[in-house]
Every structure is written in structure tokens, then in C-alpha cells.
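So the structure is just underneath, and the comments pick up after that.
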Amino acid sequence: MSVIECRNLSKKFFGGKTALNNLTVSIEENKITGLIGRNGAGKTTLLKIIAGFLKESSGEVTVFSERPYNSLKVSANSIFIDDQMTYTPALQLYDLLIEADRFYPNFNMTLAKGLFEYFAFDPKYYHKRLSKGQKSTFNAIIGIAARCPLTIFDEPTTGMDEGVRKDFYRALLKDYIEFPRTIIISSHHLNEIEDLIEDILLIKDGRTYLHLPITEFKEYAIAIKGKKDTVLDWIKGKEIFYEQYAGVDTMYAVVKNDYTEKEFEKARMAGLEISSVRSNDLCVYLTNKSRGGIDDVFSGSQPV
Amino acid sequence: MAIFHADDTRPIYVQIAEWLETEILNGNFQSNEKVYSQYQLAEMYNINPATAAKGLNLLVEEKILYKKRGLGMFVTESAKELIMEKRRTHVLTRLIRDVVLEARRLNISDNELVEMIKNVQKEEGEE
């Protein structure tokens, strides 16, 4: 069953910037989806529309079968975590947990307290005085413990150090196993979340570029390296995502993986090296405007 | 994840399946014994439970595990044999491929290559 349905969803801001451009996607219940895209691809806008914080300009969006904007049902069943969250300045950190416990019906106070102590928060401290990373960590605790049927994390690890990031993702996974729910996490760093998520939603220029299980995404493309002519011959007619040259005639190319085992065999026999592509790199190649990446900017101006 | 080789680029569910196979070969799981659930594996390896399930299903397809409805996954009678057979053919094929490729690069003819293999067999046989 799908919890979120978007059809031809568009969002134009004042001043004419188009953040979402006819985006269509449906997100299934109780899955962890990773939302990936470059800066300005529309990730935050999409998440805010889903959470009901922003109104769509056109198209259709339903969350729990309702239009999220101004919907009590959506707001009661979802939580949106990002680094802009503000709390009442009058309350100390621990009191904020108590209030969150009162507000969210599924709130797991034991877990919240456990995480609060593990990350060594001072109960009497104030949220606005926390460092960037500590703020993110506190918000993440609220996000996990709230156990909302729809839990949205927009760049949750901003400012967190490496150790805290790992702890956060592990805590999220463990609690998800215990209490399955629909979770969307946006991130620039697919490598951080690729093991945690079930589906990847890659958006580019305000549209859905790819939406598939992460295990399939990892086999979506392959890299091939060898003599330029041999490589070119082997990738003829294929969708090429990236290409790079080295030495006299060595070529490295990343192409869509729709080869058969026999074709791989042939390539290996011809001396080509075939390898998998790291998902993080693949995301970058897929969302690049040109096939050579940053090198293309320089290649035009280089003396031959 | 530390348990995996950092430079292992194969999909995680394949690595999980292989790890379970090794556990079976080592005798840590006997025939008709229950193996880890997708949730146990997910927690152990810090991965999404759906990915862990994919690893388990791979072994079901290969008849190394079987499903008991509502009870979990169990080791088949022929699991050990199947795994050994699979590894034998895989490893050997890969090694032979490397040999053939290298021979081609060095312009060694097929006959020469066969001769070389026979020589090695002879040397090994004399020991």
C-alpha cells in the first residue's frame, strides 16, 4: 500500500523559480526511502509539501489519502525533522522531551531518555544554545522516539560528527525493526544511508529521475575499462553515464547494465575490466549535466 | 560495516548469502536447523531488513535453504554439498579464465597452454 502519492506535482516560488516540475512518485508503507539529489534538485520542497508545510502550485499530492496542506490527519501522523526546527525557548531540553511525549501518541520515552543520556545531553540546557551538531542530534532523538507513521528526516546529520552519524543511523534502524513505519531520509551522501534504505528516490531538476530498490540501483550500471576502441565497441548503443580517458588509449566508461552474462564473458576475454560502480559515484554521474563532469569545463580551454 | 571486506564491491545481499554458506560449511548450522531471520541479519550487519531478505531468498532459490511458513528459514539436507559444488566450479572457472587471458596476452598458443597444464600435472604427480 502506498502512503504518499504525487502526480505531476509542481511548485513554483515567487520570483519564478521552479522547484518541482511535474514530479510523479508513490512511496510505499513501512519502507525506508532515501531521497537523493544535487543541491537545488527540489528535495526539501518535496518533503515540505508532503509534510503539509508548503502548498503545491499544481498537480496532485496525497498523504494517507488526504491532501497534506492544512490536513490534521497528516500533521497528526507525521513528523518533519531538519536543522531549522525551533522549540519554545522557555523549556529546557528534558522538558522538551516530556512535552514531545505528551504530544506524540506513539512516543517512546524510554528510548528518548536512553538516547538523551547516551549522547550526554544536559537536561537543564536550552536548545538554542546547543552546537549545530548537538541540535541535529537532539532533533534526531525526537524524530526517532516519536515513532510517527510517517517520519521525514531532511538532511538529519548536518553538523554531526562521524561517530554520532553512525550511532544515529544504527538507532534508527534498530527502532525501525522494532516498530516499522514509513521513513524518508534525504541526504547528499548516499554512501551514509545506502545500507539503511530499502528504496532510493533520485530526483533531478524537480522530477523523479529514478525510483527503485537500492539493491537494483547498485546493479543499475557497470564500469568498463580497457583499450579505447574495444571499450567503444562494447558499449555501442548503450546508455553512457560517464566517460574518462587515461594514458594513450585507456578508456573508462560507466554504462547502463543490461548486458547478459555471456556478453560479460566476451568482454573479459577481450581483455576488458568490468567492475561495479559505487552508488555514490553513480548518483553524481546520473545527475551531472555532462558526461565528463567537471573535466568538460576545462577540456575546451586546454591547449592541444 | 567492519564484518565485510571494505573493498568487496559485490552487493551486500550476495555477501550475506555467502557468509551464511560459510556458516553452513563450518557446521555452525546443521541440516534442518533454523538460520537467522532477516531482522537478525539486518541488525547484525546494520542493513535494511529487505536487503537481508534478498540474501536469504537467494539461498532459497539455490535450494540451500527452505522456508517454513511463519517459522523461518531452514537448512536443506543437500545444502553442504550444493555449496561445495558451487564454490568448486566458480573458483576453478575464474582461475582458468585468468590463465587463458594471460596466455592470450603473451601470445601463447592453445597447444602450448595445454602442454603447460600437462607439465604441471606431471610435476605434481611425481611428488
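The values are calculated or read from the model by the stated rules, or taken from the named source; none is laboratory data. Model, not experiment: these values are computed from the prediction. No Cβ is skipped: glycine too gets one built from the backbone with ideal geometry, and neighbour counts run over all protein chains shown.
Pull up the stretch B:42-54, narrow it to residues that are more than 9 Å from every other protein chain (Cβ to nearest Cβ) and at pLDDT 95 or above, then point me to the one that is surrounded by the fewest Cβ atoms within 10 Å (Cβ to Cβ).
Taking the stretch B:42-54 first, the residues more than 9 Å from every other protein chain (Cβ to nearest Cβ) are B:44, B:52-53.
Among the residues that remain, those that are also at pLDDT 95 or above are: B:52-53.
On the way: B:ALA52: 24, B:ALA53: 19.
Checking each candidate, the answer is B:ALA53.
With the stretch A:206-304 as the region, which helices (runs of 4 or more DSSP H) entirely inside it contain at least 3 residues that are closer than 19 Å to A:GLU194 by Cα? Working first, answer last.
On the way: elements: A:214-217, A:228-234, A:261-269, A:279-287, A:295-299.
Per the criteria, A:214-217, A:279-287.
Taking only the stretch A:181-192 into account, find how many residues are under 23 Å from A:ILE49 (Cα atoms) and within 14 Å of chain B (Cβ to nearest Cβ). Walk me through how you get there before you give the answer.
In the first step, residues of the stretch A:181-192 are kept if they are under 23 Å from A:ILE49 (Cα atoms); the result is A:181-190.
Those left that are additionally within 14 Å of chain B (Cβ to nearest Cβ): A:181-185, A:190.
Total satisfying the criteria: 6.
Taking the stretch B:26-44 as the region of interest, how many residues are at positive phi and touching a Lys or Arg at 6+ places or on another chain (Cβ under 9 Å)? Give the steps one after another, and end with the answer.
In the first step, residues of the stretch B:26-44 are kept if they are at positive phi; the result is B:27, B:32.
If we keep only those that are touching a Lys or Arg at 6+ places or on another chain (Cβ under 9 Å) as well, we get B:27.
Selection size over the stretch B:26-44: 1.
Where in the stretch B:38-124 are the helices (runs of 4 or more DSSP H), entirely inside, with at least 2 residues that are within 30 Å of A:GLY34 (Cβ to Cβ)? Before you say what the answer is, go through the steps one by one.
Details: elements: B:38-45, B:49-61, B:79-105.
Of the helices (runs of 4 or more DSSP H) lying wholly inside the stretch B:38-124, those with at least 2 residues that are within 30 Å of A:GLY34 (Cβ to Cβ) span B:38-45, B:49-61.
Among (1) without any contact (Cβ under 8 Å) to a residue 40 or more places away in the chain; (2) assigned to a helix (DSSP H, G or I); (3) within 14 Å of chain A (Cβ to nearest Cβ), which single condition is B:GLU23 missing?
Unmet for B:GLU23, out of (1) without any contact (Cβ under 8 Å) to a residue 40 or more places away in the chain; (2) assigned to a helix (DSSP H, G or I); (3) within 14 Å of chain A (Cβ to nearest Cβ): (3).
Under 7 Å between Cβ atoms, at least 6 apart or on separate chains: pull out the pairs that start in the stretch A:21-37 with a residue that is within 14 Å of chain B (Cβ to nearest Cβ) and end on any residue that is surrounded by 20 or more Cβ atoms within 10 Å (Cβ to Cβ) and small (Gly, Ala, Ser).
A:GLY34/A:SER187
Of all residues in the stretch A:233-269, how many are of a type in the set (A, V, I, L, M) and surrounded by fewer than 13 Cβ atoms within 10 Å (Cβ to Cβ)? Can you show your working first?
Within the stretch A:233-269, the first condition is being of a type in the set (A, V, I, L, M), and the residues that meet it are A:235, A:240, A:246, A:248, A:251, A:253-255, A:267, A:269.
If we keep only those that are surrounded by fewer than 13 Cβ atoms within 10 Å (Cβ to Cβ) too, we end up with A:246, A:248, A:269.
Of the residues in the stretch A:233-269, 3 are of a type in the set (A, V, I, L, M) and surrounded by fewer than 13 Cβ atoms within 10 Å (Cβ to Cβ).
So which of A:ILE214, A:ILE240 ends up being away from chain B (no Cβ under 14 Å) and of a type in the set (Val, Ile, Thr)? Working first, answer last.
Working: A:ILE214 fails: away from chain B (no Cβ under 14 Å).
Of the residues listed, the single one that is away from chain B (no Cβ under 14 Å) and of a type in the set (Val, Ile, Thr) is A:ILE240.
Quick test of your reading of the structure: A:THR151 fulfils all but one of (1) among the hydroxyl-bearing types (Ser, Thr, Tyr); (2) surrounded by fewer than 19 Cβ atoms within 10 Å (Cβ to Cβ); (3) under 21 Å from A:HIS188 (Cα atoms). Name the failing condition by number.
(2)
Here are A:ASP258, A:ASP229, A:ASP205, A:ASP195: which of them is of a type in the set (Asp, Glu) and within 14 Å of another protein chain (Cβ to nearest Cβ)? Break it down stepwise before answering.
Details: A:ASP258 fails: within 14 Å of another protein chain (Cβ to nearest Cβ); A:ASP229 fails: within 14 Å of another protein chain (Cβ to nearest Cβ); A:ASP205 fails: within 14 Å of another protein chain (Cβ to nearest Cβ).
So the residue among A:ASP258, A:ASP229, A:ASP205, A:ASP195 that is of a type in the set (Asp, Glu) and within 14 Å of another protein chain (Cβ to nearest Cβ) is A:ASP195.
So B:THR76 fits all but one of (1) away from chain A (no Cβ under 12 Å); (2) within 26 Å of A:LYS174 (Cα to Cα); what number is the exception?
(2)
Taking the condition outside any strand (DSSP E or B), within 13 Å of chain B (Cβ to nearest Cβ) and aliphatic (A, V, I, L, M), does A:ALA171 pass? Show your work before the answer.
On the way: outside any strand (DSSP E or B): yes; within 13 Å of chain B (Cβ to nearest Cβ): yes; aliphatic (A, V, I, L, M): yes.
Spelling it out, A:ALA171 is indeed outside any strand (DSSP E or B), within 13 Å of chain B (Cβ to nearest Cβ) and aliphatic (A, V, I, L, M).
Any residue that is of a type in the set (Lys, Arg), within 12 Å of chain A (Cβ to nearest Cβ) and surrounded by fewer than 20 Cβ atoms within 10 Å (Cβ to Cβ) - is there at least one of those in the stretch B:27-40? So that I can check it myself, show each step before the final result.
Residues of the stretch B:27-40 that are of a type in the set (Lys, Arg), as a first pass: B:34.
From the residues that got through so far, the ones that are within 12 Å of chain A (Cβ to nearest Cβ) too are none.
The answer is no, given that none of the residues of the stretch B:27-40 is of a type in the set (Lys, Arg), within 12 Å of chain A (Cβ to nearest Cβ) and surrounded by fewer than 20 Cβ atoms within 10 Å (Cβ to Cβ).
Taking the condition farther than 30 Å from A:LYS166 by Cα, surrounded by fewer than 15 Cβ atoms within 10 Å (Cβ to Cβ) and at pLDDT 90 or above, does B:GLU102 pass? Can you show your working first?
Details: farther than 30 Å from A:LYS166 by Cα: yes; surrounded by fewer than 15 Cβ atoms within 10 Å (Cβ to Cβ): yes; at pLDDT 90 or above: no.
For B:GLU102, the condition - farther than 30 Å from A:LYS166 by Cα, surrounded by fewer than 15 Cβ atoms within 10 Å (Cβ to Cβ) and at pLDDT 90 or above - is not met.
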